[in-house]
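*Asks:* Starting off with a structure, shown below.
The values are calculated or read from the model by the stated rules, or taken from the named source; none is laboratory data. Just so it is clear, the structure is predicted and the values come from calculations on it, not from any experiment. Note: ideal-geometry Cβ built from the backbone for every residue, glycine included; neighbour counts use all protein chains shown. Heavy atoms of the whole protein, side chains included, go into the accessibility calculation; ligands, DNA and RNA do not. Shrake-Rupley method; radii C 1.70, N 1.55, O 1.52, S 1.80 Å.
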Amino acid sequence: MKTSLKIALLGLILLAVTLGFLFVDIDLDNRYALNKRTMRLASMVLVGISVAYSSIIFQTITNNRILTPSIMGYEAIFILFQTFIVFVYGDKAFQVIGQQENFFYAIVLMLGFSLVLYFLLFGKRKRGMYFLLLTGMVLGTLFLTISQFMQVMIDPNEFSIVQNFMFVSFSKMNTKLLGIAAATLVVALAFTSFHLRKLDVLALGRDHAVNLGLSYNQVVQRFLLVISLLVSVSTALVGPITFLGILVCNLTYELLPTRKHSIMLPVCSLIACICLVFGQFLVEHVLSFSTTVSIIINFIGGVYFMYLLWLTRKKIS
């Protein structure tokens with residue numbers, strides 16, 4: 001099947017699940033319910049595109065198809081920051097710090113973390129990408145451990161506030177951040193669209209990229225900042241989604257015969273949006289809100305991740 005036909009088919013599937021999500025079991029005169037669904041749909045599209053772009057770019061930089069930005073500790077920083085706010089201010093935390101300020105501080109922290117990782121990788125002593133990944137894993141574990149320590153110390157009612165940020169839910173998403181998140185996403189996508197060919201060169205590996213004249217360090221630094229922006233958008237809107245990136249990226253690799261980022265990124269975004277909208281449709285209309293979309297995606301993504309590990313081991317042996 002031709003690539004253009006596959007993209008058209010994915011577009012039709014997304015249109016079908018979107019119409020199903022918006023209009024199944026709803027009175028068309030009920031403007032309030034329709035507006036709420038539209039807002040949830042908009043957030044799912046934003047999150048889907050953010051996860052798709054950040055995961056594809058990260059896997060291109062690391063040259064590894066089973067890694068996502070979550071392994072670097074970006075989401076752990078977000079959870080640590082939210083826990084710290086509640087730990088200091090208690091149940092009045094978000095009366096002291098507004099949602100917009102909270103979003104802004106989270107972005108600044110993630111950008112700062114990206115710069116720290118960059119200087120660890122490209123400082124005076126040259127280190128490999130695996131050193132960066134190991135450092136990210138260790139720091140991510142450290143941040144989560146500190147978060148858990150503070151969560152044990154706070155009041156159970158205050159813990160429920162933190163819990164809202166730890167699990168994905170499009171039913172209680174932060175709609176006030178949609179405008180800011182959309183503007184941030186547009187900036188990140190605009191930068192990426194002007195550097196798609198550099199991503200294609202990065203996919204060849206560091207040595208080939210340098211030999212082809214690419215300023216490897218500078219390009220990687222900029223894309224790490226783009227990844228932190230995209231992760232901030234998705235995490236601040238609905239919370240961390242661990243396995244969605246692995247799932248949609250690898251489905252894209254299996255579906256497409258090409259490795260051009262100008263094609264992979266839009267296709268991966270379509271697949272991510274389909275997964276989120278269809279998953280939320282199941283949660284609302286089939287499972288009657290007895291679970292969340294993150295549990296469904298993490299279950300499927302976790303099984304697929306184990307399959308990828310088994311496949312990799314089989315190829316090696």
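*Asks:* For an R0 of 41 angstrom, estimate the FRET efficiency from the Cβ-Cβ distance between LEU9 and VAL88 and round to the nearest 0.05. Intermediate results must be reported in sequence, preceding the final value.
*Replies:* Working: r = 51 Å, r/R0 = 1.23.
The calculated FRET efficiency here is 0.20.
*Asks:* Which one of PRO266, PRO156, PRO240 has the biggest mean-square fluctuation once the chain is modelled by GNM with Cα springs under 10 Å?
*Replies:* So, out of PRO266, PRO156, PRO240, the one fluctuating most is PRO156.
*Asks:* For the range 3-316, what does the convex hull of the Cα positions come to per residue, in cubic angstrom?
*Replies:* Values: hull volume 47.4 nm³, N = 314.
Per residue, the Cα convex hull of the range 3-316 comes to 151 Å³.
*Asks:* Say we join alpha carbon atoms closer than 10 Å with springs in a Gaussian network model of the chain; which of GLY301, GLY213, GLY98 then has the biggest fluctuation?
*Replies:* GLY213
*Asks:* For the chain, how many pairs of lysine residues have a Cα-Cα distance under 19 Å, where the two are 8 or more positions apart or belong to different chains? Before the final figure, lay out the partial values.
*Replies:* Values: LYS2/LYS260; LYS6/LYS260; LYS36/LYS172; LYS36/LYS176; LYS92/LYS172; LYS92/LYS176; LYS198/LYS260.
Final tally of qualifying lysine pairs is 7.
*Asks:* May I ask which residue of LEU10, TYR89, LEU309 lies farthest towards the positive end of the charge dipole of the range 3-316, with charges of +1 (Lys, Arg) and -1 (Asp, Glu) on Cβ and the Cα centre as origin?
*Replies:* Positive-end residue among those listed: LEU309.
*Asks:* Given 0.36 nm per residue, what is the gain on full extension from LEU282 to THR258 after removing their alpha carbon distance, in nm?
*Replies:* Working it through step by step, the gained length comes to 5.4 nm.
*Asks:* At 0.36 nm per residue, minus the direct Cα-Cα distance, what do LEU204 and ILE300 gain on full extension? Give it in nm, one decimal, please.
*Replies:* Numbers: separation 96, 0.36 × 96 = 34.56 nm, distance 2.99 nm.
Between LEU204 and ILE300, full extension yields an extra 31.6 nm.
*Asks:* Here is a follow-up. Skip the ligands, DNA and RNA, and give the accessible area per residue of the range 199-317 with a 1.4 Å probe, whole Å². Each step should come with its number before you reach the end.
*Replies:* On the way: 5320 Å² over 119 residues.
Value for the range 199-317: 45 Å² per residue.
*Asks:* Sum -39500 (n - 2.57) across every DSSP H segment of at least 4 residues in the chain, then divide by the residue count to get the 222 nm mean residue ellipticity, nearest 500.
*Replies:* Details: 14 runs with 242 residues, N = 317.
Computed ellipticity for the chain at 222 nm equals -25500 deg cm²/dmol.
*Asks:* Then there is this: Apply the a/c threshold of 1.5 to the C-alpha gyration tensor of the range 275-315 and tell me whether it is rounded, prolate or oblate.
*Replies:* Values: a/c = 4.85, a/b = 3.41, b/c = 1.42.
Prolate shape, in that a/c is at least 1.5 and a/b is the bigger ratio.
*Asks:* Which residue, PHE87, PHE223, PHE149, has the most motion in a Gaussian network model of the chain that connects Cα atoms within less than 10 Å?
*Replies:* PHE149
*Asks:* Please list, in order along the range 54-66, the HN-Hα scalar couplings obtained from phi with the Karplus expression 6.51 cos²θ - 1.76 cosθ + 1.60 (θ = phi - 60°), rounded to whole Hz, x for Gly and Pro.
*Replies:* 5, 6, 4, 5, 5, 5, 5, 5, 7, 6, 9, 8, 10
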